[in-house]
Every structure is written in C-alpha cells, then in structure tokens.
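A.B. asks: Quick one: the structure is below, and I'll ask about it shortly.
The values are calculated or read from the model by the stated rules, or taken from the named source; none is laboratory data. What you see is a predicted model; the values in this text were computed from it and never measured. Virtual Cβ from ideal backbone geometry, glycine too; neighbours counted across all protein chains shown.
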Amino acid sequence: MDAGIQPWLFHVEPYAGESLSHFLGRFRRSNHLTPGSLGQLAGIGAVVARWERFHLNPPPSQQELDTLATVVGVSAERLAEMLPPQGVGMQWTPIRLCGACCGETLYHRMEWQYKSVWQCDRHQLKLLSKCPKCEAPFKMPALWEDGICHRCHLTFSAMRTYQKSAD
Ligand SMILES: [Zn+2]
Ligand SMILES: [Zn+2]
C-alpha cells in the first residue's frame, strides 16, 4: 500500500470573483463530498461547513488554506481571493444576486455581499435580496446547484425581469 498517493479528485476551475461558499459547494458536488468529508480529506476538521455559511470569524488561517489548496487543486492565493478583501465591509445576510449575471454564468459573486454594493455595475440593475416572486430568502451559495428559488422554482436568470434599474 502506498500511503502517499492522493485520491483522484475532479478539478473545478474557479470563476472570476466567485465566493468561497459557492466554489466549495461546486467542488464538493463534483466529487460527491459532504462538508465533513472534504474537511477530513484536507485535515482541517469541521470548518468547511462554517465557511460555506460565511462564518469567517476567525478567518481561514494560512495553514488551512495551504492544506485545502492541495486537495482542491487551486492555489492558496486563489482561495484567499474568494474571501472578503481586507477592510471591505461585508453583509452575509441576506444573500444577494443579479439575475442577469446568473443568466450568463450561474455563480455567486463575492462582491454582491459587500456592504457598499447594491447594484450590478455590469447590467445597471439593482441586486435582489430575496425571490421577487415568492419572497423566499436565497439559500447559501454552496447550495445553489440548480439556480432556482427553492420555494417557487423560479430560475435565478428569469429573475432578471423583476430587477429594477439602478438609476
Ligand atoms: Zn448583473
Ligand atoms: Zn420564489
């Protein structure tokens, strides 16, 4: 038995500006891992589930990012970019989104949770902070697999028509 061999894992390429919660959820689903089993594989214990909920206090340590990096095949620097930049105020609830952005590529952008951000500059639309049809809050990004409201099943991309203009 060769104890040094890493298990084969499916590589998941991060999107520009993707939040850690969304990336970890994608990586886990691609590899059929629970938050607990990913943490175990990386040797970082139970923190994965907390990070997916954006419970980032205390923030991930350099050592945790280094070991997670070896498992997910993405550099620790790139993982750190999925976390809030230093000095930027964040608001983790409610989870917000731009339906037009989700229609282009479905993923949660970290900047949507910046306290200072209320609109999508790309589409000049105000961000949504709940389902515009049934008012259900959005689930944490790690669970966004289908890109639909979990209650009324409206797709995130179809929510674009409900978004108000930013000006
Ligand atoms: Zn947008
Ligand atoms: Zn809904």
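A.B. asks: Would you pick out the residues in region 119-142 that are away from ligand 1 (no atom under 11 Å from the Cβ), touching a residue at least 12 places away in the same chain (Cβ under 8 Å) and in a loop (DSSP other than H, G, I, E, B)?
C.D. replies: 129, 130, 131, 132, 133, 134, 136, 137, 138, 139, 140
A.B. asks: Can you name every residue in region 96-117 that is surrounded by fewer than 17 Cβ atoms within 10 Å (Cβ to Cβ) and either outside the structural domain of residue 151 (by TED's automatic domain parsing) or more than 12 Å from ligand 1 (Cβ to nearest atom) (or both)?
C.D. replies: Listed by number, the residues that qualify are 114, 115, 116.
A.B. asks: Return yes when residue 142 is in contact with a Gly (Cβ under 6 Å, 6 or more places away or on another chain) and either within 16 Å of ligand 2 (Cβ to nearest atom) or modelled with pLDDT of 95 or more (or both) and no when it is not.
C.D. replies: Numbers: in contact with a Gly (Cβ under 6 Å, 6 or more places away or on another chain): yes; either within 16 Å of ligand 2 (Cβ to nearest atom) or modelled with pLDDT of 95 or more (or both): yes.
Yes.
A.B. asks: Right, something else. Quick check: is even one residue across region 84-95 surrounded by 13 or more Cβ atoms within 10 Å (Cβ to Cβ) and touching a residue at least 60 places away in the same chain (Cβ under 8 Å)?
C.D. replies: no
A.B. asks: Can you give me the number of residues within region 109-139 that are within 16 Å of ligand 2 (Cβ to nearest atom) and over 17 Å from the mean Cα position of the chain (by Cα)?
C.D. replies: Summing the residues that are within 16 Å of ligand 2 (Cβ to nearest atom) and over 17 Å from the mean Cα position of the chain (by Cα) in region 109-139 gives 6.
A.B. asks: Restricting the search to region 127-167, which residues are within 24 Å of residue 24 (Cα to Cα) and of a type in the set (D, E, K, R)?
C.D. replies: Scanning region 127-167 gives 130, 139, 145, 146, 151.
A.B. asks: If a residue must be farther than 16 Å from residue 83 by Cα and either at pLDDT 95 or above or crowded, with 19+ Cβ neighbours inside 10 Å (or both), how many such residues does region 43-59 contain?
C.D. replies: 1
A.B. asks: Could you run through region 143-155 and say how many residues are within 16 Å of ligand 1 (Cβ to nearest atom) and surrounded by fewer than 18 Cβ atoms within 10 Å (Cβ to Cβ)?
C.D. replies: Here the count works out to 2.
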